[in-house]
1. Hey, among the residues in segment 364-386 that are assigned to a loop (DSSP other than H, G, I, E, B) and open to solvent by 20 Å² or more (accessible area, probe 1.4 Å), which one's nearest to the ligand (Cβ to nearest atom)?
2. Taking Gly277 as the residue in question, decide whether it is open to solvent by less than 70 Å² (accessible area, probe 1.4 Å), part of a helix (DSSP H, G or I) and either in contact with a strand residue (DSSP E or B) (Cβ under 7 Å, 6 or more places away or on another chain) or within 30 Å of Leu383 (Cα to Cα) (or both).
3. Suppose we filter segment 295-324 for residues that are part of a helix (DSSP H, G or I) and either within 30 Å of Lys166 (Cα to Cα) or open to solvent by 60 Å² or more (accessible area, probe 1.4 Å) (or both); how many remain?
4. Could you list, in sequence order, all residues of segment 147-182 that are within 15 Å of Phe64 (Cβ to Cβ) and under 16 Å from the mean Cα position of the chain (by Cα)?
5. Identify, please: which residue in segment 325-344 is surrounded by 15 or more Cβ atoms within 10 Å (Cβ to Cβ) and under 17 Å from Pro271 (Cα atoms) and is, among those, farthest from the ligand (Cβ to nearest atom)?
6. Would you mention how many residues in segment 104-127 are open to solvent by 10 Å² or more (accessible area, probe 1.4 Å), out of contact with any strand residue (DSSP E or B) (no Cβ under 8 Å at 6 or more places or on another chain) and either among the hydroxyl-bearing types (Ser, Thr, Tyr) or assigned to a helix (DSSP H, G or I) (or both)?
7. For segment 48-96, which fully contained strands (runs of 3 or more DSSP E) count at least 1 residues that are open to solvent by 10 Å² or more (accessible area, probe 1.4 Å)?
8. Going by the structure shown, is Lys179 at pLDDT 95 or above, within 16 Å of the ligand (Cβ to nearest atom) and open to solvent by 10 Å² or more (accessible area, probe 1.4 Å)?
Amino acid sequence: MSTENNINQLYKNSIKILTDLIAFKTVSGEDNNSLIDYCDEILKKLGATSFKTFDEEKKRVNLFATIKAKKPNGTKPIILSGHTDVVPVSKSWSTDPFKATIKEDKLYGRGACDMKGFIACALAYAPIYSKANLNRDINFSFTFDEETACQGAPILIEELKKRGIKNAICIIGEPTNMKIIDAHKGCYEYTTYFEGLAGHSSAPHKGVSAVEYAAQYVNKLIELRQELKNRTSKESIFDPPYSTLQIGGIFGGIAHNVIADKCHVNWETRPVVKEDGIFLNSEIDKYANEVLLPEMKKTSSKSSIKKEIIGEIIGFNRVQNSEACELVSSLTRDNSREVVSFGTEAGLFQEIGISTVVCGPGSIEQAHKVDEYIMLDELKKCLDLLEGIKKNSTVN
Ligand SMILES: [Zn+2]
(Lines give C-alpha, C1' and ligand atoms only; values in the text may rest on other atoms or scores of the structure.)
Protein backbone atom coordinates (compact mmCIF):
# COMPACT_ATOMS: atom_id res chain seq x y z
CA MET A 1 0.00 0.00 0.00
CA SER A 2 1.30 3.42 -0.88
CA THR A 3 1.58 6.13 1.76
CA GLU A 4 -1.29 7.99 0.11
CA ASN A 5 -3.55 4.97 0.58
CA ASN A 6 -2.43 4.66 4.17
CA ILE A 7 -3.36 8.25 4.89
CA ASN A 8 -6.72 7.71 3.23
CA GLN A 9 -7.38 4.65 5.33
CA LEU A 10 -6.40 6.50 8.50
CA TYR A 11 -8.68 9.36 7.56
CA LYS A 12 -11.60 7.00 6.98
CA ASN A 13 -10.93 5.31 10.30
CA SER A 14 -10.82 8.63 12.11
CA ILE A 15 -14.29 9.43 10.74
CA LYS A 16 -15.59 6.02 11.74
CA ILE A 17 -14.21 6.39 15.27
CA LEU A 18 -15.48 9.95 15.55
CA THR A 19 -18.93 8.71 14.55
CA ASP A 20 -18.78 6.09 17.30
CA LEU A 21 -17.55 8.59 19.87
CA ILE A 22 -20.29 11.11 19.11
CA ALA A 23 -22.92 8.40 19.67
CA PHE A 24 -21.85 8.10 23.33
CA LYS A 25 -23.91 10.75 25.13
CA THR A 26 -21.12 11.87 27.40
CA VAL A 27 -22.57 15.16 28.55
CA SER A 28 -20.55 16.49 31.51
CA GLY A 29 -21.63 14.89 34.76
CA GLU A 30 -23.01 11.80 33.03
CA ASP A 31 -21.57 8.30 33.09
CA ASN A 32 -18.76 8.03 30.51
CA ASN A 33 -17.71 4.43 31.25
CA SER A 34 -18.85 3.01 27.92
CA LEU A 35 -16.93 5.58 25.90
CA ILE A 36 -13.80 4.96 27.98
CA ASP A 37 -14.20 1.18 27.60
CA TYR A 38 -14.49 1.65 23.84
CA CYS A 39 -11.21 3.61 23.76
CA ASP A 40 -9.49 1.22 26.15
CA GLU A 41 -10.52 -1.73 23.99
CA ILE A 42 -9.02 -0.23 20.84
CA LEU A 43 -5.74 0.55 22.58
CA LYS A 44 -5.50 -2.76 24.45
CA LYS A 45 -5.86 -4.68 21.19
CA LEU A 46 -2.77 -2.82 20.05
CA GLY A 47 -0.86 -3.95 23.10
CA ALA A 48 -1.20 -0.77 25.15
CA THR A 49 -1.20 -0.92 28.92
CA SER A 50 -3.66 1.30 30.75
CA PHE A 51 -5.08 2.39 34.06
CA LYS A 52 -8.25 4.17 35.04
CA THR A 53 -9.00 6.71 37.73
CA PHE A 54 -12.52 7.43 38.90
CA ASP A 55 -14.77 9.90 40.65
CA GLU A 56 -16.10 8.81 44.05
CA GLU A 57 -19.10 6.95 42.63
CA LYS A 58 -17.09 5.37 39.81
CA LYS A 59 -19.65 6.87 37.49
CA ARG A 60 -17.11 8.92 35.60
CA VAL A 61 -13.70 7.74 34.62
CA ASN A 62 -10.36 8.90 33.22
CA LEU A 63 -8.22 6.63 31.05
CA PHE A 64 -4.44 6.74 30.71
CA ALA A 65 -3.06 4.25 28.20
CA THR A 66 0.50 3.71 27.02
CA ILE A 67 2.01 2.32 23.88
CA LYS A 68 5.45 1.43 25.16
CA ALA A 69 8.66 2.35 23.38
CA LYS A 70 10.22 -0.63 21.60
CA LYS A 71 13.61 1.03 21.59
CA PRO A 72 13.61 3.42 24.54
CA ASN A 73 16.49 5.88 24.48
CA GLY A 74 15.45 8.29 27.17
CA THR A 75 13.43 10.60 24.92
CA LYS A 76 10.58 12.26 26.80
CA PRO A 77 7.25 10.47 26.44
CA ILE A 78 4.39 12.12 24.63
CA ILE A 79 0.92 12.49 26.10
CA LEU A 80 -1.99 13.00 23.70
CA SER A 81 -4.72 14.42 25.85
CA GLY A 82 -8.42 15.04 25.37
CA HIS A 83 -11.56 15.36 27.46
CA THR A 84 -14.39 12.95 26.77
CA ASP A 85 -17.28 15.06 28.01
CA VAL A 86 -19.36 17.41 25.90
CA VAL A 87 -21.61 20.34 26.77
CA PRO A 88 -25.40 19.79 26.83
CA VAL A 89 -27.51 20.16 23.69
CA SER A 90 -30.61 22.23 23.03
CA LYS A 91 -33.62 21.30 20.91
CA SER A 92 -32.69 23.66 18.10
CA TRP A 93 -30.23 21.33 16.35
CA SER A 94 -30.98 20.66 12.69
CA THR A 95 -29.54 17.13 12.96
CA ASP A 96 -29.46 14.57 15.78
CA PRO A 97 -26.59 15.92 17.91
CA PHE A 98 -25.52 12.40 18.90
CA LYS A 99 -25.45 11.04 15.39
CA ALA A 100 -22.49 12.15 13.28
CA THR A 101 -23.79 13.64 10.05
CA ILE A 102 -21.55 14.54 7.15
CA LYS A 103 -22.67 17.34 4.86
CA GLU A 104 -20.22 18.48 2.23
CA ASP A 105 -16.92 19.20 3.95
CA LYS A 106 -18.21 19.19 7.52
CA LEU A 107 -19.05 16.56 10.11
CA TYR A 108 -21.81 17.62 12.51
CA GLY A 109 -22.39 16.30 16.01
CA ARG A 110 -21.98 17.31 19.63
CA GLY A 111 -18.29 17.07 20.46
CA ALA A 112 -17.25 16.97 16.78
CA CYS A 113 -14.67 19.68 17.40
CA ASP A 114 -14.72 19.94 21.21
CA MET A 115 -13.06 17.53 21.34
CA LYS A 116 -13.90 14.08 20.13
CA GLY A 117 -12.33 14.92 16.76
CA PHE A 118 -8.89 14.91 18.34
CA ILE A 119 -9.54 11.73 20.31
CA ALA A 120 -10.74 10.03 17.12
CA CYS A 121 -7.56 11.00 15.26
CA ALA A 122 -5.36 9.77 18.12
CA LEU A 123 -7.18 6.42 18.21
CA ALA A 124 -7.13 6.09 14.42
CA TYR A 125 -3.40 6.70 14.43
CA ALA A 126 -2.65 4.40 17.39
CA PRO A 127 -2.14 1.23 15.24
CA ILE A 128 0.76 2.97 13.46
CA TYR A 129 2.39 3.85 16.77
CA SER A 130 2.00 0.30 17.99
CA LYS A 131 3.88 -1.04 14.95
CA ALA A 132 6.60 1.60 14.92
CA ASN A 133 10.02 1.34 16.47
CA LEU A 134 9.18 3.99 19.04
CA ASN A 135 12.02 5.46 21.03
CA ARG A 136 9.59 6.89 23.55
CA ASP A 137 6.23 6.00 25.06
CA ILE A 138 3.14 7.45 23.44
CA ASN A 139 0.40 7.98 26.02
CA PHE A 140 -3.31 8.61 25.59
CA SER A 141 -4.98 10.60 28.30
CA PHE A 142 -8.77 10.81 28.16
CA THR A 143 -10.49 12.66 30.98
CA PHE A 144 -14.02 13.30 32.22
CA ASP A 145 -15.82 16.55 32.99
CA GLU A 146 -13.42 19.15 31.64
CA GLU A 147 -16.34 21.37 30.66
CA THR A 148 -17.45 21.65 34.27
CA ALA A 149 -14.29 23.27 35.55
CA CYS A 150 -11.88 20.37 34.98
CA GLN A 151 -13.18 17.96 37.57
CA GLY A 152 -11.67 14.80 36.09
CA ALA A 153 -8.12 15.79 35.16
CA PRO A 154 -6.87 16.58 38.70
CA ILE A 155 -7.71 12.99 39.74
CA LEU A 156 -5.71 11.62 36.82
CA ILE A 157 -2.83 14.01 37.44
CA GLU A 158 -2.59 12.94 41.08
CA GLU A 159 -2.05 9.39 39.80
CA LEU A 160 0.54 10.53 37.23
CA LYS A 161 2.46 12.18 40.06
CA LYS A 162 2.34 8.97 42.10
CA ARG A 163 3.60 6.97 39.14
CA GLY A 164 6.34 9.48 38.46
CA ILE A 165 5.03 10.43 35.00
CA LYS A 166 6.05 14.06 35.19
CA ASN A 167 8.83 14.38 32.69
CA ALA A 168 6.82 14.41 29.50
CA ILE A 169 5.45 16.46 26.61
CA CYS A 170 1.70 16.90 26.50
CA ILE A 171 -0.42 17.91 23.52
CA ILE A 172 -3.94 18.89 24.44
CA GLY A 173 -6.08 18.65 21.31
CA GLU A 174 -8.66 21.33 22.08
CA PRO A 175 -9.95 22.96 18.90
CA THR A 176 -7.41 25.59 17.83
CA ASN A 177 -7.43 25.01 14.05
CA MET A 178 -4.10 23.30 14.67
CA LYS A 179 -2.60 26.59 15.84
CA ILE A 180 -0.27 26.60 18.83
CA ILE A 181 -1.79 27.99 22.01
CA ASP A 182 0.69 28.46 24.80
CA ALA A 183 -1.25 30.40 27.42
CA HIS A 184 -4.67 31.19 28.82
CA LYS A 185 -6.06 32.77 31.93
CA GLY A 186 -7.37 30.75 34.84
CA CYS A 187 -11.12 30.24 35.21
CA TYR A 188 -12.51 30.05 38.72
CA GLU A 189 -16.22 29.55 39.32
CA TYR A 190 -18.05 29.97 42.60
CA THR A 191 -21.53 29.91 44.06
CA THR A 192 -22.05 31.78 47.32
CA TYR A 193 -25.07 30.78 49.42
CA PHE A 194 -26.73 33.19 51.86
CA GLU A 195 -29.09 31.99 54.53
CA GLY A 196 -30.98 34.48 56.64
CA LEU A 197 -34.34 34.48 58.41
CA ALA A 198 -37.73 34.65 56.69
CA GLY A 199 -40.42 36.98 57.93
CA HIS A 200 -43.17 39.39 56.98
CA SER A 201 -42.01 42.33 54.94
CA SER A 202 -43.80 44.75 57.26
CA ALA A 203 -41.28 43.91 59.98
CA PRO A 204 -37.88 43.83 58.28
CA HIS A 205 -36.08 44.19 61.61
CA LYS A 206 -37.34 40.75 62.65
CA GLY A 207 -35.90 38.95 59.65
CA VAL A 208 -32.56 38.67 57.83
CA SER A 209 -32.89 39.25 54.12
CA ALA A 210 -30.56 36.88 52.34
CA VAL A 211 -31.20 38.80 49.13
CA GLU A 212 -30.07 42.11 50.59
CA TYR A 213 -26.87 40.64 52.01
CA ALA A 214 -26.20 38.95 48.71
CA ALA A 215 -26.60 42.33 47.01
CA GLN A 216 -23.95 43.84 49.28
CA TYR A 217 -21.67 40.90 48.53
CA VAL A 218 -22.14 41.47 44.81
CA ASN A 219 -21.34 45.15 45.24
CA LYS A 220 -18.14 44.26 47.03
CA LEU A 221 -17.17 41.92 44.19
CA ILE A 222 -17.74 44.72 41.70
CA GLU A 223 -15.51 47.02 43.78
CA LEU A 224 -12.83 44.34 43.83
CA ARG A 225 -13.12 44.03 40.08
CA GLN A 226 -11.72 47.54 39.81
CA GLU A 227 -8.83 46.57 42.06
CA LEU A 228 -8.08 43.61 39.83
CA LYS A 229 -7.76 46.01 36.91
CA ASN A 230 -5.34 48.15 38.88
CA ARG A 231 -3.16 45.13 39.58
CA THR A 232 -2.46 44.47 35.86
CA SER A 233 1.16 44.05 34.93
CA LYS A 234 2.46 45.80 31.84
CA GLU A 235 3.70 42.55 30.33
CA SER A 236 0.30 40.89 30.28
CA ILE A 237 -0.21 38.99 27.01
CA PHE A 238 -3.98 38.70 27.42
CA ASP A 239 -7.00 40.52 26.09
CA PRO A 240 -8.21 42.18 28.22
CA PRO A 241 -4.83 42.35 29.99
CA TYR A 242 -6.27 42.24 33.51
CA SER A 243 -8.06 39.59 35.57
CA THR A 244 -11.80 39.78 34.98
CA LEU A 245 -14.76 39.13 37.26
CA GLN A 246 -18.36 38.55 36.34
CA ILE A 247 -21.62 37.95 38.21
CA GLY A 248 -23.51 35.22 36.36
CA GLY A 249 -26.71 35.24 38.39
CA ILE A 250 -28.48 36.11 41.62
CA PHE A 251 -31.28 33.84 42.75
CA GLY A 252 -33.47 34.37 45.78
CA GLY A 253 -36.79 35.39 47.22
CA ILE A 254 -40.36 34.18 46.80
CA ALA A 255 -42.67 37.22 46.99
CA HIS A 256 -42.80 40.99 47.29
CA ASN A 257 -43.94 40.84 50.88
CA VAL A 258 -41.75 38.05 52.23
CA ILE A 259 -38.26 38.55 53.62
CA ALA A 260 -36.11 36.17 51.61
CA ASP A 261 -34.30 33.63 53.77
CA LYS A 262 -32.27 32.19 50.92
CA CYS A 263 -30.26 33.60 48.06
CA HIS A 264 -27.31 32.45 46.03
CA VAL A 265 -24.92 34.20 43.69
CA ASN A 266 -23.08 32.59 40.79
CA TRP A 267 -19.87 34.36 39.91
CA GLU A 268 -16.56 33.72 38.21
CA THR A 269 -13.16 35.26 37.80
CA ARG A 270 -10.44 34.76 35.19
CA PRO A 271 -7.14 35.48 36.86
CA VAL A 272 -4.13 36.44 34.78
CA VAL A 273 -1.89 35.25 37.58
CA LYS A 274 -2.61 32.93 40.49
CA GLU A 275 -1.96 35.76 42.95
CA ASP A 276 -5.00 37.68 41.67
CA GLY A 277 -7.19 34.70 42.48
CA ILE A 278 -5.72 34.46 45.97
CA PHE A 279 -6.14 38.20 46.53
CA LEU A 280 -9.74 38.24 45.38
CA ASN A 281 -10.74 35.22 47.44
CA SER A 282 -9.14 36.47 50.61
CA GLU A 283 -10.72 39.94 50.25
CA ILE A 284 -14.23 38.67 49.56
CA ASP A 285 -14.02 36.01 52.29
CA LYS A 286 -12.87 38.63 54.78
CA TYR A 287 -15.76 40.90 53.83
CA ALA A 288 -18.28 38.05 54.15
CA ASN A 289 -16.98 36.77 57.48
CA GLU A 290 -15.99 40.00 59.19
CA VAL A 291 -18.59 42.46 57.91
CA LEU A 292 -21.71 40.76 56.56
CA LEU A 293 -22.01 37.67 58.73
CA PRO A 294 -21.69 39.39 62.15
CA GLU A 295 -24.39 41.81 61.00
CA MET A 296 -26.70 38.94 59.94
CA LYS A 297 -26.11 37.08 63.19
CA LYS A 298 -27.26 40.03 65.26
CA THR A 299 -30.83 39.08 64.28
CA SER A 300 -30.48 35.36 63.65
CA SER A 301 -27.61 33.29 64.96
CA LYS A 302 -28.35 30.63 62.35
CA SER A 303 -27.47 32.95 59.47
CA SER A 304 -24.74 31.73 57.18
CA ILE A 305 -22.67 32.58 54.12
CA LYS A 306 -21.06 29.66 52.33
CA LYS A 307 -18.89 29.91 49.26
CA GLU A 308 -18.80 26.77 47.17
CA ILE A 309 -15.97 26.27 44.71
CA ILE A 310 -17.51 24.99 41.49
CA GLY A 311 -14.11 24.71 39.91
CA GLU A 312 -10.77 26.43 39.76
CA ILE A 313 -9.13 25.84 36.39
CA ILE A 314 -5.67 27.17 36.85
CA GLY A 315 -4.12 29.36 34.19
CA PHE A 316 -1.71 28.11 31.55
CA ASN A 317 1.46 30.17 31.54
CA ARG A 318 3.64 31.06 28.60
CA VAL A 319 7.08 29.48 28.88
CA GLN A 320 10.09 30.55 26.84
CA ASN A 321 11.55 27.70 24.76
CA SER A 322 8.72 25.34 25.60
CA GLU A 323 9.66 21.85 24.46
CA ALA A 324 6.05 21.00 23.65
CA CYS A 325 5.55 24.13 21.52
CA GLU A 326 8.85 23.62 19.73
CA LEU A 327 8.01 20.03 18.90
CA VAL A 328 4.62 20.96 17.44
CA SER A 329 6.10 23.97 15.64
CA SER A 330 8.72 21.81 14.01
CA LEU A 331 6.01 19.45 12.75
CA THR A 332 3.39 21.99 11.63
CA ARG A 333 6.02 24.46 10.41
CA ASP A 334 4.10 27.21 12.17
CA ASN A 335 6.08 29.27 14.63
CA SER A 336 3.23 31.43 15.83
CA ARG A 337 2.12 31.38 19.46
CA GLU A 338 -1.34 32.52 20.49
CA VAL A 339 -3.30 32.92 23.68
CA VAL A 340 -6.99 32.07 24.06
CA SER A 341 -9.78 33.17 26.33
CA PHE A 342 -11.10 29.72 27.16
CA GLY A 343 -9.80 27.42 29.90
CA THR A 344 -8.25 23.98 29.34
CA GLU A 345 -6.53 21.26 31.32
CA ALA A 346 -3.14 22.59 30.19
CA GLY A 347 -2.31 24.41 33.43
CA LEU A 348 -2.85 21.22 35.41
CA PHE A 349 -0.31 19.27 33.36
CA GLN A 350 2.08 22.22 33.35
CA GLU A 351 1.87 22.49 37.11
CA ILE A 352 3.49 19.09 37.64
CA GLY A 353 6.32 19.90 35.25
CA ILE A 354 4.95 18.46 32.02
CA SER A 355 5.80 20.62 29.01
CA THR A 356 2.37 21.37 27.52
CA VAL A 357 0.85 22.85 24.40
CA VAL A 358 -2.75 23.23 23.28
CA CYS A 359 -3.17 22.36 19.61
CA GLY A 360 -5.97 20.45 17.96
CA PRO A 361 -8.36 20.15 15.03
CA GLY A 362 -11.50 22.24 14.56
CA SER A 363 -12.41 25.72 15.61
CA ILE A 364 -13.49 26.95 19.02
CA GLU A 365 -15.99 29.09 17.09
CA GLN A 366 -18.08 25.96 16.54
CA ALA A 367 -17.65 24.55 20.04
CA HIS A 368 -20.56 24.68 22.51
CA LYS A 369 -22.88 25.80 19.70
CA VAL A 370 -26.02 24.44 18.12
CA ASP A 371 -24.99 22.40 15.04
CA GLU A 372 -21.41 21.98 16.23
CA TYR A 373 -19.21 20.68 13.43
CA ILE A 374 -15.64 20.00 12.45
CA MET A 375 -14.22 20.67 8.99
CA LEU A 376 -13.15 17.28 7.66
CA ASP A 377 -9.94 18.84 6.47
CA GLU A 378 -8.98 19.54 10.07
CA LEU A 379 -8.96 15.81 10.80
CA LYS A 380 -6.44 15.35 8.01
CA LYS A 381 -4.25 18.09 9.44
CA CYS A 382 -4.39 16.46 12.83
CA LEU A 383 -3.42 13.09 11.36
CA ASP A 384 -0.47 14.84 9.72
CA LEU A 385 0.66 16.08 13.11
CA LEU A 386 0.37 12.57 14.55
CA GLU A 387 2.39 11.28 11.60
CA GLY A 388 5.04 13.89 12.36
CA ILE A 389 5.13 12.74 15.96
CA LYS A 390 5.72 9.20 14.79
CA LYS A 391 8.63 10.28 12.59
CA ASN A 392 10.01 12.24 15.51
CA SER A 393 9.69 9.27 17.85
CA THR A 394 11.08 6.36 15.86
CA VAL A 395 14.48 4.82 15.42
CA ASN A 396 15.38 2.47 12.62
ZN1 LIG B 1 -12.97 21.40 25.16
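The values are calculated or read from the model by the stated rules, or taken from the named source; none is laboratory data. Quick caveat: nothing in here was measured; it's all calculated off a predicted structure. Cβ atoms come from the backbone with ideal geometry, glycine included; neighbour counts cover every protein chain shown. Each accessible area value is taken on the protein alone, full model and side chains, heavy atoms only, with ligands, DNA and RNA left out. Shrake-Rupley method; radii C 1.70, N 1.55, O 1.52, S 1.80 Å.
1. If we filter segment 364-386 for residues that are assigned to a loop (DSSP other than H, G, I, E, B), which is where we start, we get 367-372.
Checking which are open to solvent by 20 Å² or more (accessible area, probe 1.4 Å) leaves us with 368-371.
On the way: His368: 8, Lys369: 13, Val370: 17, Asp371: 17 Å.
Once the filter is applied, the top-ranked residue is His368.
2. Working: open to solvent by less than 70 Å² (accessible area, probe 1.4 Å): yes; part of a helix (DSSP H, G or I): yes; either in contact with a strand residue (DSSP E or B) (Cβ under 7 Å, 6 or more places away or on another chain) or within 30 Å of Leu383 (Cα to Cα) (or both): yes.
Yes, satisfied.
3. Qualifying residue count for the region: 6.
4. Gly152, Ala153, Pro154, Ile155, Leu156, Ile157, Cys170, Ile171, Ile172
5. Across segment 325-344, the extreme among qualifying residues is Val339.
6. Result for segment 104-127: 1.
7. Details: elements: 49-54, 61-67, 78-83.
Filter on segment 48-96 gives 49-54, 61-67.
8. On the way: at pLDDT 95 or above: yes; within 16 Å of the ligand (Cβ to nearest atom): yes; open to solvent by 10 Å² or more (accessible area, probe 1.4 Å): yes.
Spelling it out, Lys179 is indeed at pLDDT 95 or above, within 16 Å of the ligand (Cβ to nearest atom) and open to solvent by 10 Å² or more (accessible area, probe 1.4 Å).
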